[in-house]
Each structure stands twice: as structure tokens, then as C-alpha cells.
Amino acid sequence: MHPAFSVIFLTTLIGVGQGLFLALFTAQTYALFDLLPQQDSHAFYAHGSILALLFLIGGLIASFFHLGRPERAWRSATQWRTSWLSREVIVLPAFMGMVFLYGLAHFFECKPVLATLPSGIAIDLTVVIGTIAWLLAFALYVCTGMIYACLRFLREWYSSLTVINYILLGGASGFTLATVFAAVAAPELVRFFAGWAIIITLLGLVSRVASLIRNARLKPKSTLQTAIGIKHPKIVQKTQGFMGGSFNTREFFHGRSAAFLRSIKWIFLLTAFVVPVLLLATGLSGVAATELLLLAFVVQYLGLMAERWFFFAQANHPQNLYYQAIG
Amino acid sequence: MTQLALVIDLNVCVGCHACVTSCKEWNTSGAAGPMVDQNPYGKDPTGTFFNRVQTFEVGEFPNTETVHFPKSCLHCEDPPCVPVCPTGASYKRKEDGIVLVDYDKCIGCKYCSWACPYGMREFDEAQKVMKKCTLCVDRLYDPQMTEEERRPACVRACPTSARLYGDIHDPESAVSHAIREAGGYQLMPEWGASPANHYLPRRKTTLRLRHDEIERADNPLKVDGLLPKPGKSEPSLDDVTTW
Ligand code: SF4
Ligand code: SF4
């Protein structure tokens, strides 16, 4: 497939935004059970939510560049019964709204206690909003992943690994950003976030490598024989019927060499996983320089863009069988 | 339930592209707006088409056959392109099984084109919506046209009658007969989309003569071949002389 930058930005940016929110809410949950020190609502949670929202808005803006008719985008919320894309279109703004409310409640310290656990832990409004947003964050990852994982003949994508990768890679970049944010806003949380960021990044590495191995072993189900229904072992296309290119030759081919694809694969394995883990490890050791952590995030984000580019480029659409020769 | 479809006979298609041009001519002039071209007279002309004719070479030299292969939306009975559409712009008509795009609802997200295993949808770069073969739905029911004209433009244009059109759910229709009797098949059956359009395979063209076509079965004396043949120059008359 031809990787579209609008979609690369959309999926990576909202992945970061969701991951950052998950990190914030994880910290709040730990603090609720007194496993981490309490943080200032205003400086930490509210500002963190704003940061997450900025990434989500960036992703939303990028998504509009993908549409031919963005002014009709509202229509895309109507087919949620059948279309994962439609579901994403509903869940993304819902999630953004909940993150906004979450930040707002923290900003104004509007935290009425709604319930008390038997152990005496008070569940306030932010916890309730946060829980809903937490569920929506995961729902959004699943929707984004399923958009690709539900297309049965794009076999590189048709796998539960696709959804798992979206969750883990988005989560990893979000926790890395949370580490940077903590270095500025709450230094005592740097080790906590860096630890989780490393764990999630390594899990992401495992599942991404698993999908690379799976895809390397795929045998195409469609062949020229099934494409035109002629059972002869030797068929070659002489002409695709036109010379100047068409939507089919532009949308479904990445147009790069196999060597380029291979180098992108190694680049993203290094920059999305290995380098960030090493840089984040400085945060674990306690001698964290904010610049190093920031570098970890930037490198990982660029690495994930390369990863997403590769994700699209690697998928080989069966329609390509029909567009092999100009003559 | 009706399922209108094309049956394309690869045995007679000569690859003349008459269906391609007639399709473009009819559909670019319709109420749905033009099928816009970019750079039509420039170096890399490109544009929206609903129908393409491709050419394949089957076999190894010198035993090769050239197969011309017309390609357009197959109006799948279980179309994978429809449920993925987030706006409902893509739909399959209940009454005749035609798969259509509502150009006024489409947001041009191109997701449906990813979901068609055959690559039958083409995005219109000028109108920014997804397009594909409509089976000339704007001809089929037009009361101002004659019965003969109420058929897809490509079917009418084909000089070799390689394109048959009809209801494949009606077992007595010409297309159903053709599918049954000439071995009609579907493209890429492995994806289970169950395309409504069928293709008829290449056939060996042989002269088939039955014995009773050579010796008259209705000879009242049932003695054909028993009596000596008259000489070439002798007169002969059916049922009067023996030959
Ligand atoms: S051929 Fe493609 S576009 Fe046409 S109905 Fe089937 S899946 Fe949809
Ligand atoms: S491009 Fe148009 S018809 Fe296709 S899925 Fe998107 S909205 Fe639906």
C-alpha cells in the first residue's frame, strides 16, 4: 500500500496522546492507593491532560488531510454498526472530550467525593472521569487497529498482532512522553514512568518482531491464476490497459525498492525500540537529564513514524496482481 | 431476488476497448457529473475509468494464447467494500443487487477501495469521491429508452457480444444459461465475496458433427448408405431417389 502521511501522523499522534493519558491516570491510581506520592492537580494532571489533548488534536487535524471531502466528515459517524472506521470516528472525539473534562476537573480542583471504598479510599470525580477515559483510550486503540486488522485479504494486517501493536506502540510512546513531562513537572515520578516506558517499549518490540516474522512467512493466497481464473502455471500480464497510471497504480504501491523497505525496517527497530530504551535507562538510574529523556521521546516518535510507514508499505494488496505491466 | 450482473466471455473478447470508451462516454455525460481526467493530452494522462481491458499471455512460447480481460466492479453478492464504509455512501441495492456509491455522501476516505480485493474502485481526483461501475443504473430503468437500449453501455458497444447482461438469480436467463453451460466462474473465489459478474473461460474451438448430421435420420426408408451412391453426374432428388 502507499503510505499516506496524513494517516501516519494521525495514528502516531493519537497513539502518543492516548498513551500519555494512560500514564497520567496510572500515576493517579497508584497515588490513590498510596503507592506513589500525591501530585498537584493543577501542575501535573491538568497540564498533562492539556499536553495529551494537543497530541490528540494534532492527530485529528492530520486525519482531515486524508479525506477528499472533509466538510462531510460528520457523516462518517453513522455506520458504527459495521465499520471500524466509523467507530473510531465516534470514539476519538468522545475520548478527547473525557480527557478535556478530566483536565478541567483537575484544573479547578473540582473533586467531590462520589463514593468511598470499604478500605477508606475516596473515589472522587476525577477518578470516575479518568476511568471512563481509560476505557475509551483502549477502545480507541482497538478501533484504530481493527480498521486494518479487519481487512481479510490484506494478510499482513489481518492478525490480532496488529491491534496489540497499536496498543503497545502507542502506549510506549505515551509513557516515554510522560517521563519527559515528569522530569519537568514531577521529578519524583521520573523513575516510575521511565520503568513502565521501558517495559512497554520492550513488549512492543516483542510483538512487532512477532508480526514481522509472521509476515515474512506469509504465502499469497491470490495469484494471477485466481485473479483471472485461468489455470495455467505460466501467465504474464502484457498490459494493464492504460499507460499513464491510475488510482490503482498510485494508491496500492509504495514505489520504493525492496532494499529501501529493508533499511526502513532496521531503522525503526533501532529508533522506535532500542535507542529509546537505552536513553530511558538513564532516567531509571536517577541521573536523568531532561534533554536525554526528551531525545528519547523524539527518537521514538520518529521511529514510530518509520514503523507506520513500513506497516503500510509492507501490506501487499491482491489488486496489485492486475497492475504489473504497461504495454 | 434479482441480481443483475455481467457475464464476460473471454473466448470471444478481442481486446478492442470499445466497452472502455463507451463506458466513459456514457458515464462522463450523466447526471452524476464527469469522470474527470488529469493531463489528458500531456505526458502522463490519467483519469477515472469504471472499466479497463487488460491483456495477458498464457503459456510458453510458441504455445501461447493472448487473453483479453475486461475488468470492472463485479457487484459482489457479499461485497466487502460496503460494510467498511463509515458514511453509508457505499451500498448494495436490495432490489437488483447493484453496488453503488452515493457521491453526495462519500467523504473520499478511500477505505472502501482498500476493502475491494479486485481493485475495482477508482478515486476521482477532481470530485474527491470514490467511483466505480454503476452497471449503468441510469439506463436500466429509463422509461424513455427502448427495451434494447435499457442495457449497460458496454454491453451495447461490444462488437463481438462478449458481454452478456442479465439476472443471474433467474435460472432461465441467458446469463444463467451461459454460466451453467459454458463453465462460468468467479474471480478470486478465495475471499468469499461471491462476485455477481462471471467470466466464461477460453474454449477449444472444434467442429462437432454428430453421425445423424451426416446421414439423414429422417430418411423414411432408413436405408441411407445401404444403396450404392449415384454417380456424381446423375440427377438426384430427396425421397425419390435414394440419395
Ligand atoms: S468488485 Fe470490489 S467494488 Fe465491486 S462490489 Fe465487489 S468488492 Fe465492491
Ligand atoms: S471513500 Fe466514500 S464510499 Fe468509500 S468508504 Fe470512504 S466514504 Fe465510503
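Points worth noting:
- Close pairs from the range B:70-90: first outside any loop (DSSP other than H, G, I, E, B), partner within 6 Å of ligand 2 (Cβ to nearest atom), Cβ under 6 Å, at least 6 apart: B:Ser90/B:Val101; B:Ser90/B:Cys112
- Considering residues of the range A:262-273 that are farther than 13 Å from A:Leu169 by Cα and not hydroxyl-bearing (Ser, Thr, Tyr) only, the residue most open to solvent (accessible area, probe 1.4 Å): A:Trp266
- B:Leu135, sole failed condition from (1) part of a loop (DSSP other than H, G, I, E, B); (2) within 14 Å of ligand 2 (Cβ to nearest atom); (3) of a type in the set (A, V, I, L, M, F, W, C): (2)
- Filtered by the rule that a residue be of a type outside the set (Ser, Thr, Tyr), within 16 Å of ligand 2 (Cβ to nearest atom) and more than 7 Å from chain A (Cβ to nearest Cβ), the range B:47-84 gives B:Phe50, B:Cys73, B:His75, B:Cys76, B:Pro79, B:Pro80, B:Cys81, B:Val82.
- Single match in B:Gly119, B:Gly108, B:Gly166 (criterion: more than 14 Å from ligand 1 (Cβ to nearest atom) and under 22 Å from B:Glu77 (Cα atoms)): B:Gly166
- Scanning the range A:4-50 for residues that are farther than 19 Å from A:Phe95 by Cα, at pLDDT 95 or above and open to solvent by less than 10 Å² (accessible area, probe 1.4 Å) turns up just one, A:Ile8.
- All of (1) within 24 Å of B:Ala178 (Cα to Cα); (2) surrounded by 17 or more Cβ atoms within 10 Å (Cβ to Cβ) hold for B:Phe49 with one exception: (1).
- Within the range A:138-149, being closer than 22 Å to A:Ala216 by Cβ and either open to solvent by 40 Å² or more (accessible area, probe 1.4 Å) or within 14 Å of another protein chain (Cβ to nearest Cβ) (or both) holds for A:Tyr148, A:Ala149.
- Against the test of being in a helix (DSSP H, G or I), closer than 30 Å to B:Asn11 by Cα and small (Gly, Ala, Ser), the options A:Ala227, A:Ala259, A:Ala306 yield a single qualifying residue, A:Ala227.
- Of all residues in the range B:93-111, those satisfying the criterion of being more than 8 Å from chain A (Cβ to nearest Cβ) and either open to solvent by less than 10 Å² (accessible area, probe 1.4 Å) or within 19 Å of the chain's Cα centre (by Cα) (or both) are B:Asp96, B:Gly97, B:Ile98, B:Val99, B:Leu100.
- Out of B:Ala115, B:Ala174, B:Ala126, sole residue that is small (Gly, Ala, Ser), surrounded by fewer than 18 Cβ atoms within 10 Å (Cβ to Cβ) and within 16 Å of ligand 2 (Cβ to nearest atom): B:Ala126
- Test result for A:Phe65, touching a residue at least 12 places away in the same chain (Cβ under 8 Å), of a type in the set (Phe, Trp, Tyr) and more than 14 Å from chain B (Cβ to nearest Cβ): no
- Unique residue being open to solvent by 60 Å² or more (accessible area, probe 1.4 Å), in contact (Cβ under 8 Å) with a residue 24 or more places away in the chain and either β-branched (Val, Ile, Thr) or more than 14 Å from chain A (Cβ to nearest Cβ) (or both) when the list is B:Pro159, B:Pro143: B:Pro159
The values are calculated or read from the model by the stated rules, or taken from the named source; none is laboratory data. On a predicted model such as this, the values are computed, not experimentally measured, just so you know. Neighbour counts run over all protein chains shown; Cβ positions are idealised from the backbone, glycine included. The accessibility values were calculated without ligands, DNA or RNA, using every heavy atom of the protein model including side chains. Shrake-Rupley method; radii C 1.70, N 1.55, O 1.52, S 1.80 Å.
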